[in-house]
Structures are given as structure tokens and as C-alpha cells.
Amino acid sequence: MEEKWCYKSAEKIVVVTESFKREIIKKGIPAEKIYVVKNGANTELFRPQAKCEELLRKYKMEGKRVLGYIGTLGMAHRIDFLIDCVKGLDDYVLMILGNGAERDNIKAKIEAENLKNVVLVDAVPKSEVVKYVALQDAALVNLRRTPLFTTVIPSKIFETASMRIPILLGVDGEAREMVEEFGAGLYYEPENKEDFLDKLNKLFSSDDVYKACCDGGAKLAEAYDRKRLAQEMLSILQK
């Protein structure tokens, strides 16, 4: 009830996805006072750059295709699924960077299965994360298979796209619509290993597909540049 009271009392409501707007309208809130300003890309910080050779050597990733998961290591993110997908793929290495409730379990799984192509990296400051994003040949954006997550757009999509790195997306709904609209990556059905491997092969078996995803990321980042979105937010506040 407190939530609904807040919605009714507010002069304007700003949400970050169209799905959230639809859900609030269902609660009886007038659509005309709900605005959508999505998250976006910091195109000044997240710019394309060469891989850091020192980091490649440090984590023994030289000569490998780097698949990266950078972000929260929680139950919702199914990092164990990603690990199961890539183990045994000698040409690839999975780089996992971040902290969260599942970090200890992930570390234990890597050690117990003696996985040589999975690297667990400690979280780094925002100013340093760009160097790690640049190590990726493809970025993995993954969530559990549940209707709840069809309403969200993970923010790492924008950062990755801004650096022209193809996305392998395991999130259906609005995030999928955005990535496919700009051609910034390939969607695989969440928690479907066969589909994941199929899209992984499709991405790396064709230079044309790979380049198209890089170019699509640049277009997505341009469309969702945070400077433009900030102006949009300011305009809403000034009305």
C-alpha cells in the first residue's frame, strides 16, 4: 500500500524500462505522469581500446578467446551455468570478475573441477574495470530463466556495447529486444546450454557476424549515450 501511495502522490514517475511503466499503469496510475528514461552508456569512460598484454599474461589468457562475465555474482546470475557451458572448450577462457553471495561457491566449483579455462578475478574500481572489459572477445550477460527478468535491462549491456564488444545475451524480454534491435549481439535461451553453444559458435565462426555485432554495439551506445539521457531527465524535471 505504501508503494501505491507513493505512486499516487508523485507528480511525475521516472522508470528505467517500458515494462516497469506497464506494471505501474496496472496499479491504476495514469500513464501520462510516467516517463521512461533508460540506463545508458558512459561513452567517455567506456571507449574501445586494445587488450592489456600484462593482464592477459597475468591470468594466462594469451592466445585464447576471452568470454567475460563482469558484475554481481549472485544467485540470480547463474554463473555456474556459464562455467558448465565453457568447460572443455580449449579455445576459450571464461573470465569472471566481481563479488557477491555466490563468489565462494563459484571459487569452490572451479577448484573442485580443476578448471583451467575459468579465471576468477577480484572486483576492481570502476576506473580500472575498463581494462578488463577490453579483454573480452564477447561479453556474457546472463540471468536465471524467469518471467521476472524479462522486465529488466542489465546495465552492463550499455558499457559493453560502448566498447564495441559483442554480447551473448541470456536474458529474454526487453533486454533482448534492445540488443536485437541494434544487432549488438546474439540471444540464447536462458539456462539452455545447447543454445548457448550454438550462438557462441555462430558468433565466432563468421567474421561478418562478429563485425556486425561490434558495429551494432556502437549504434546502441550512441542511441543510449548518458549525456543525452541526462538532458532528457533534466527536461522532465523542468516541465
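The values are calculated or read from the model by the stated rules, or taken from the named source; none is laboratory data. Just so it is clear, the structure is predicted and the values come from calculations on it, not from any experiment. Here the Cβ is made from the backbone with ideal geometry for all residues, glycine too, and neighbour counts use every protein chain on show. When the accessible area is computed, the model is the full protein with side chains, heavy atoms only, and any ligands, DNA or RNA have been set aside. Shrake-Rupley method; radii C 1.70, N 1.55, O 1.52, S 1.80 Å.
Just report the Cα centroid separation between the stretch 60-130 and the stretch 179-239, whole Å.
The stretch 60-130 and the stretch 179-239 have Cα centres spaced 21 Å from each other.
Rounded, prolate or oblate, given the Cα gyration tensor of the stretch 186-237, with a/c below 1.5 counting as rounded?
Oblate shape, in that a/c is at least 1.5 and b/c is the bigger or equal ratio.
Under the classification rounded if a/c is under 1.5, otherwise prolate if a/b is larger than b/c and oblate if not, where does the stretch 1-124 fall, given a ≥ b ≥ c as square roots of the Cα gyration tensor eigenvalues?
prolate
Could you calculate, for the stretch 33-105, the ratio of the Cα radius of gyration to the Kirkwood radius, expressed as Rg to Rh?
1.07
Order of 168-174, 127-133, 23-29 by packing, highest average Cβ count within 10 Å first?
In decreasing order of mean packing, 168-174, 127-133, 23-29 become 168-174, 127-133, 23-29.
Would you mind checking LYS12/LYS227; LYS51/LYS219; LYS27/LYS199; LYS60/LYS156 for any pair whose Cα atoms are more than 31 angstrom apart?
With Cα atoms farther than 31 Å apart: LYS27/LYS199.
Given axes a ≥ b ≥ c from the Cα gyration tensor, I'd like to know whether the stretch 1-62 is rounded (a/c under 1.5), prolate (a/b larger than b/c) or oblate.
Taking the square roots of the gyration eigenvalues as a ≥ b ≥ c, the stretch 1-62 is prolate.
May I ask for the Rg/Rh ratio of the stretch 101-239, computed from Cα atoms with Rh as the Kirkwood radius, given to two decimals?
Looking at the stretch 101-239, the ratio lands at 1.01.
With only alpha-carbon atoms counted, please give the Rg and Dmax of the chain, in Å.
19.0, 59
Check which residues have an amide H placed less than 5 Å from ILE167's amide H, if you skip close sequence neighbours.
Amide H to amide H, under 5 Å and 5 or more residues apart or across chains, ILE167 pairs with ALA139, GLY185, LEU186.
Among the lysines, which have Cα under 22 Å from the Cα of LYS58 when same-chain residues fewer than 8 positions away are ignored?
Output for LYS58: LYS87, LYS107, LYS109, LYS116, LYS126, LYS131.
Can you give the helix-only mean residue ellipticity at 222 nm for the chain, where every DSSP H stretch with n ≥ 4 adds -39500 (n - 2.57) and the sum goes over all residues, rounded to the nearest 500 deg cm²/dmol?
Roughly -13000 deg cm²/dmol at 222 nm, from the helical runs in the chain.
Tell me the per residue accessible area of the stretch 3-128 using a 1.4 Å probe; a whole number in Å² is fine.
Counting only protein heavy atoms, the per-residue value for the stretch 3-128 is 56 Å².
What part of the accessible area of the chain, given as a whole %, is carbon or sulfur when the probe is 1.4 angstrom?
Ligands and nucleic acids excluded, carbon and sulfur give 49 percent.
Can you order the peptides 113-123, 90-100 by their average number of other Cβ atoms within 10 Å per residue, highest first?
Averaged packing, sorted descending, gives the order 90-100, 113-123.
Using θ = phi - 60° and the Karplus form 6.51 cos²θ - 1.76 cosθ + 1.60, what ³J(HN,Hα) does each residue of the stretch 145-161 get, whole Hz, x for Gly and Pro?
Using θ = phi - 60°, the values come out as 7, 7, x, 4, 7, 6, 9, 10, 10, x, 5, 5, 4, 5, 5, 5, 4 Hz.
Using the Karplus curve 6.51 cos²θ - 1.76 cosθ + 1.60 with θ = phi - 60°, what ³J(HN,Hα) values do you get for each residue of the stretch 50-57, in whole Hz, with x for Gly and Pro?
With the stated coefficients, the stretch 50-57 comes to 5, 5, 7, 4, 4, 5, 4, 5 Hz.
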